[in-house]
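**Q** My questions will all concern the structure given below.
The values are calculated or read from the model by the stated rules, or taken from the named source; none is laboratory data. Treat the numbers as computed from the prediction; the structure is a model and nothing was measured. Don't worry about glycine lacking a Cβ; one is built from the backbone with ideal geometry, like all the others, and counts go over all protein chains shown. To get the accessible areas, we keep the full protein, side chains included, count just its heavy atoms, and leave off ligands, DNA and RNA. Shrake-Rupley method; radii C 1.70, N 1.55, O 1.52, S 1.80 Å.
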Amino acid sequence: MEFEAYLDALASADPTPGGGSAATLVGALAAALCAMVARITLGAPKLAPVHTEAVAIAADADDLRRRFVELRPLDEAAFRAVVAAQALPRVTEAEKSARREQLQRALVGAAEAPLESARLATDAFALTARTAELHNANLMSDVDCALHFARAAFDASAANVEVNHRYITDATVVAQQRDRLATLNRAAREFESRTTAVVDGRRN
């Protein structure tokens, strides 16, 4: 889907695409900016000592961007499954039971998709730290933008995990997903601090 068409779809009354889908787009922007910084760095002779790392960052950023793009329709499909389950008939007890079971499965899936997006956002944080450490002073604002996009992608993804937890009745599943999200958040914070230290000039 072209960008303008995607924005039109996002702005429509259709529940999909929604916030989870948009989070993957923001994460892809973070990865794309890291790739840009790496490739421009390759054209700077004075930064020759970091050219090998710049090549690796560009490749990893392209791969991460691809993974974000591939996740977007999966997130949208996961939410559509919730909407479909909510629309199931619930007149008889059998229908009510079947609807509850299908809705619970769909809700777990709808939490798993943004949880994966949060994992990719954590990878984006790691990538911004590596990109900052190329020390291309002319592009630190772009690295900073990538960092903010990574944070937005993570926080939006986390919000979409947590909103599904309000309705998932399996406490074990909720606890496991929350633990995974907390682990990702700790790692993300560490990479964020590492990046900020370089962007703010607190580390050579």
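**Q** Can you tell me which of T41, T16 is part of a loop (DSSP other than H, G, I, E, B) and hydroxyl-bearing (S, T, Y)?
**A** Unique residue meeting the criteria: T16.
**Q** Please find, within the stretch 166-197, the residue that is most open to solvent (accessible area, probe 1.4 Å) out of those that are outside any helix (DSSP H, G or I) and not basic (K, R).
**A** Once the filter is applied, the top-ranked residue is Y167.
**Q** OK, next. Give the residue, chosen from A59, A35, that is among the hydrophobic types (A, V, I, L, M, F, W, C), open to solvent by less than 40 Å² (accessible area, probe 1.4 Å) and either over 16 Å from A132 (Cβ atoms) or in contact with a helix residue (DSSP H, G or I) (Cβ under 9 Å, 6 or more places away or on another chain) (or both).
**A** Being among the hydrophobic types (A, V, I, L, M, F, W, C), open to solvent by less than 40 Å² (accessible area, probe 1.4 Å) and either over 16 Å from A132 (Cβ atoms) or in contact with a helix residue (DSSP H, G or I) (Cβ under 9 Å, 6 or more places away or on another chain) (or both) holds for just one of A59, A35, which is A35.
**Q** Is it the case that L33 is at pLDDT 95 or above and under 24 Å from H148 (Cβ atoms)?
**A** Yes.
**Q** Report whether or not S21 is open to solvent by less than 70 Å² (accessible area, probe 1.4 Å), modelled with pLDDT of 95 or more, more than 23 Å from A129 (Cα to Cα) and more than 11 Å from the chain's Cα centre (by Cα).
**A** No; evaluated as a whole, the condition is false for this residue.
**Q** When you scan the stretch 74-91, do you find a residue that is in contact with a Leu (Cβ under 8 Å, 6 or more places away or on another chain) and surrounded by fewer than 16 Cβ atoms within 10 Å (Cβ to Cβ), even just one?
**A** Within the stretch 74-91 (the criterion being in contact with a Leu (Cβ under 8 Å, 6 or more places away or on another chain) and surrounded by fewer than 16 Cβ atoms within 10 Å (Cβ to Cβ)), the answer is yes, since at least one residue qualifies.
**Q** Check A94, A121 and return the single one that is open to solvent by less than 40 Å² (accessible area, probe 1.4 Å) and part of a helix (DSSP H, G or I).
**A** So the residue among A94, A121 that is open to solvent by less than 40 Å² (accessible area, probe 1.4 Å) and part of a helix (DSSP H, G or I) is A121.
**Q** Considering each of A106, A150, A111, A156 in turn, give the residue that is open to solvent by less than 60 Å² (accessible area, probe 1.4 Å), part of a helix (DSSP H, G or I), farther than 19 Å from T16 by Cα and out of contact with any Lys or Arg (no Cβ under 8 Å at 6 or more places or on another chain).
**A** One residue alone meets the criteria, A150.
**Q** Separate question: For the stretch 38-55, which residues satisfy the criterion of being in contact with a helix residue (DSSP H, G or I) (Cβ under 8 Å, 6 or more places away or on another chain), farther than 17 Å from A146 by Cα and either open to solvent by less than 50 Å² (accessible area, probe 1.4 Å) or among the aliphatic types (A, V, I, L, M) (or both)?
**A** L42, L47, V50, H51, V55
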